[in-house]
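The values are calculated or read from the model by the stated rules, or taken from the named source; none is laboratory data. In this text, all values refer to a predicted model and were calculated from it rather than measured experimentally. Cβ placement follows ideal geometry from the backbone for every residue including glycine, while neighbour counts extend to all protein chains displayed. Ligands, DNA and RNA are stripped out before the accessible areas are found, and what is left, the full protein with its side chains, is counted by its heavy atoms. Shrake-Rupley method; radii C 1.70, N 1.55, O 1.52, S 1.80 Å.
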Amino acid sequence: MNYLENRKYIIQAIFVVVGVVFAARLFYIQVVDSSYKQAAETNAIKTIIQYPFRGLIYDRNGQLLVQNTPVYDLMVIPKEVKQLDTLRLAQLLDIPPLEVRERLQQARTFSYVQPSIFYQKLGSEDFGRIQDNLIDFPGFYINARTARGYPHQSLAHALGYIAEISPAQLEDTTYRGYRPGDYIGKSGIELEYEKYLMGRRGVKYKMVNVRGVEKGSFKDGAYDTLAVAGRNLISTIDLDLQAYGEYLMKGAKGSVIAIEPATGEILSYISSPFYDPNQFTGKEYGKNYMALQGDPDKTLFNRPVMADRNPPGSIFKLAQALIAMDMGLITPNTRLVCNQAMVKCHPHPSPQDLYGAIRYSCNPYFYQVFRMMVNRGKSKNTFRDTSLGLADWREQVMSFGFGQKLGIDLPNEKKGIIASPELYDRVYGKDRWKFSTIYSLSIGQGEMGVTPLQMANFMAIIANKGFYVKPHIVKAIGENGKPLPQYQKRHYTTVNPQYYDPVIEGMASVVQAGTGRNASLEKLGITVCGKTGTAQNPQGKDHAVFVAFAPKENPKIAIAVYVENAGFGGQSAAPIAGLMIEKYLTDSVSRKNMEEWVLSRKYLNIK
């Protein structure tokens with residue numbers, strides 16, 4: 001009997017314990033743990049991303065270069081998609097039914113319950129057509145955002161473009177915070193200043209019923225966050241000058257870079273052929289990009305900062321003169337014979353002093369000057385002397401910004417090449433080369449390559465008599481801001497300022513009575529200082545080059561013009577530079593006959 005009594009109590013105790021456990025668990029779920037309540041609420045909450053307005057970009061005078069235009073994305077929440085009419089949706093979007101299924105599968109892969117972009121950049125017409133039919137497609141909704149628009153079809157290579165962030169970038173910790181479907185700068189200013197332009201995303205939470213109908217804000221918007229617009233940029237570009245330069249270069253290949261010498265601000269940035277930046281907006285972006293990518297004229301090639309294999313040619317004689325005077329090897333009055341047994345030259349009076357050597361671009365003169373610089377008898381070994389002399393020469397050349405990246409605020413800048421003893425040691429062997437091996441450097445040829453940007457900066461250095469500010473294309477971040485600190489510092493060359501005046505005088509004579517006469521503005525009372533050149537091109541006709549600054553006193557603009565396959569710089573590059581200088585300094589163009597000559601492109605047929 002006792003045994004049965006004990007068994008009864010044990011069974012009762014078990015029931016009591018189980019009841020207590022269930023009661024405790026129920027209390028925990030209902031009172032302590034809110035996760036189930038939150039899960040239930042989540043099922044009735046729609047998350048709507050609020051995309052920020054991307055920062056605008058203006059020219060130096062307040063003209064709008066890049067604006068925001070409204071576009072619409074078709075979003076999808078896979079969990080809410082019910083009995084999808086694939087064929088009808090495909091017809092509305094004008095895409096194959098198979099693509100509809102593939103896009104939906106991609107959305108499910110990303111998240112079954114979170115919204116993702118199903119179709120991007122619907123125009124206003126597409127938006128209106130689809131919006132009227134959305135009630136028949138549960139799980140789909142429209143999200144408004146802005147895309148880039150370009151009121152002026154200029155400056156494409158510098159502005160760059162934006163596009164959807166790639167899967168590789170999403171995996172990169174550098175891009176933490178971005179989501180699939182976000183747009184990001186891919187090139188140019190858009191890429192370089194992405195963190196300032198992008199702004200900060202916001203979010204809204206909407207209550208919806210089981211049919212997906214919105215019932216108002218979740219908890220009166222207590223958890224909503226506002227989107228923060230990106231910061232506007234004021235560029236250094238003069239849009240009127242930029243548009244005029246593109247007008248002059250249309251139909252030609254090459255580049256034009258104009259800089260304000262005192263500040264390093266880029267006034268004009270032209271890579272030709274150019275394209276309408278609006279081609280990289282809208283639904284046809286991918287198609288247009290691939291067409292330009294395969295263009296035999298290399299339209300997407302950003303020539304001002306990437307074309308670094310062209311030797312500077314005769315323009316480099318100006319650097320040779322400055323360095324030689326600083327070394328104490330010559331004076332402005334040093335006269336040397338134009339001995340064509342040393343190196344070929346065109347006919348001109350001989351002998352010449354430094355002014356004449358610059359005016360007539362005398363090759364033998366600078367051959368002899370360069371020989372003085374690299375053969376200075378520091379040791380009894382001729383090969384060693386040349387190596388030591390070249391190293392000293394190269395150190396001075398590098399101070400002009402050659403052979404290195406200048407640090408412009410644009411991506412993909414190349415550094416060019418300036419010959420070094422190490423380079424020749426690798427090619428010929430140590431102590432197995434001498435001056436006769438490298439004499440082509442004396443006239444800017446041989447193992448030497450520069451970018452058009454470096455040549456424009458070189459002109460700014462001479463205009464400033466010995467210093468430069470890193471060239472940059474953004475003047476201010478925000479309407480009342482400033483450029484980044486690195487674009488406010490002066491960089492000095494190793495050459496004493498006193499040696500620049502003779503070179504400047506020689507450059508003035510080049511334009512007044514030498515090979516640069518087509519750039520002369522003497523009739524307008526403006527003295528232009530310049531130098532013509534030819535960049536050798538192994539693939540065909542040489543490239544024409546002209547560099548200059550003006551006015552001679554208190555210079556306001558320095559410029560480098562490259563015209564590919566145009567031969568002599570005085571026939572093509574010099575007129576373009578002269579016209580652009582006139583446009584910038586006087587806000588007009590009086591030499592219409594010169595403008596007509598440039599636009600005729602007849603210089604391309606001159607042999």
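Assorted remarks:
- Filter pass, Gly181 being over 30 Å from Gly245 (Cα atoms), outside any helix (DSSP H, G or I) and open to solvent by less than 20 Å² (accessible area, probe 1.4 Å): yes
- In the stretch 92-104, the residue that is nearest to Asp132 (Cα to Cα) out of those that are in contact with a helix residue (DSSP H, G or I) (Cβ under 7 Å, 6 or more places away or on another chain) and buried (at least 18 other Cβ atoms within 10 Å of the Cβ) is Leu92.
- When the stretch 474-509 is filtered for residues that are basic (Lys, Arg), open to solvent by 70 Å² or more (accessible area, probe 1.4 Å) and within 22 Å of Ser268 (Cβ to Cβ), only Lys482 remains.
- Any hit, the stretch 43-65, residues being more than 25 Å from Asn143 (Cβ to Cβ), at pLDDT below 70 and open to solvent by 90 Å² or more (accessible area, probe 1.4 Å): no
- Flag set for Leu267, criterion: open to solvent by less than 50 Å² (accessible area, probe 1.4 Å), outside any loop (DSSP other than H, G, I, E, B) and closer than 25 Å to Phe400 by Cβ.
- Every test in (1) open to solvent by 40 Å² or more (accessible area, probe 1.4 Å); (2) of a type in the set (A, V, I, L, M); (3) modelled with pLDDT of 95 or more is passed by Ile257 save one, and that test is (1).
- The lone exception for Phe546 - which of (1) open to solvent by less than 10 Å² (accessible area, probe 1.4 Å); (2) modelled with pLDDT of 95 or more; (3) outside any helix (DSSP H, G or I); (4) more than 19 Å from Arg359 (Cβ to Cβ) it fails: (4)
- Residue among Glu164, Glu190 that alone is within 25 Å of the chain's Cα centre (by Cα) and open to solvent by 30 Å² or more (accessible area, probe 1.4 Å): Glu164
- Unique residue being touching a His at 6+ places or on another chain (Cβ under 9 Å) and not hydrophobic (A, V, I, L, M, F, W, C) when the list is Gly188, Gly177, Gly139: Gly188
- Taking the listed residues Met198, Met207, the one that is in contact (Cβ under 8 Å) with a residue 12 or more places away in the chain, surrounded by fewer than 17 Cβ atoms within 10 Å (Cβ to Cβ), out of contact with any Cys (no Cβ under 6 Å at 6 or more places or on another chain) and among the aliphatic types (A, V, I, L, M) is Met207, with no other qualifying.
- Strands (runs of 3 or more DSSP E) fully within the stretch 93-172 that include at least 1 residues being over 30 Å from Ser235 (Cβ atoms): 116-122, 140-149.
Conditions (1) under 15 Å from Gly160 (Cα atoms); (2) in contact with a His (Cβ under 8 Å, 6 or more places away or on another chain); (3) buried (at least 24 other Cβ atoms within 10 Å of the Cβ), marked per residue:
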| residue | (1), (2), (3) |
| --- | --- |
| Phe274 | yes, yes, no |
| Asn278 | yes, no, no |
| Lys287 | no, no, no |
| Met290 | no, no, no |
| Gly294 | no, no, no |
| Thr299 | yes, no, no |
| Ala321 | no, no, yes |
| Ala324 | no, no, yes |
| Met327 | no, no, no |
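- Check on Thr334, free of Cβ contacts under 8 Å to residues at least 60 places away in the same chain, open to solvent by less than 10 Å² (accessible area, probe 1.4 Å) and part of a loop (DSSP other than H, G, I, E, B): no
- Flag if Pro471 is surrounded by fewer than 24 Cβ atoms within 10 Å (Cβ to Cβ) and under 31 Å from the mean Cα position of the chain (by Cα): no
- Residues in the stretch 73-91 that are open to solvent by less than 20 Å² (accessible area, probe 1.4 Å), assigned to a helix (DSSP H, G or I) and closer than 21 Å to Ala144 by Cβ: Leu89 alone.
- Taken over the stretch 371-397, the criterion of being open to solvent by 50 Å² or more (accessible area, probe 1.4 Å) and outside any loop (DSSP other than H, G, I, E, B) is satisfied by Arg371, Met372, Thr382, Phe383, Arg384, Leu388, Arg394, Glu395.
- Listed conditions (1) under 30 Å from Ile330 (Cβ atoms); (2) within 32 Å of the chain's Cα centre (by Cα); (3) in contact (Cβ under 8 Å) with a residue 60 or more places away in the chain are all met by Glu553, apart from (3).
- Selection count where residues are free of Cβ contacts under 8 Å to residues at least 40 places away in the same chain and over 24 Å from Asp501 (Cβ atoms), scope the stretch 530-550: 5
- Residue, nearest to Gln488 (Cα to Cα), within the stretch 227-254, restricted to residues that are open to solvent by 10 Å² or more (accessible area, probe 1.4 Å) and assigned to a strand (DSSP E or B): Ile234
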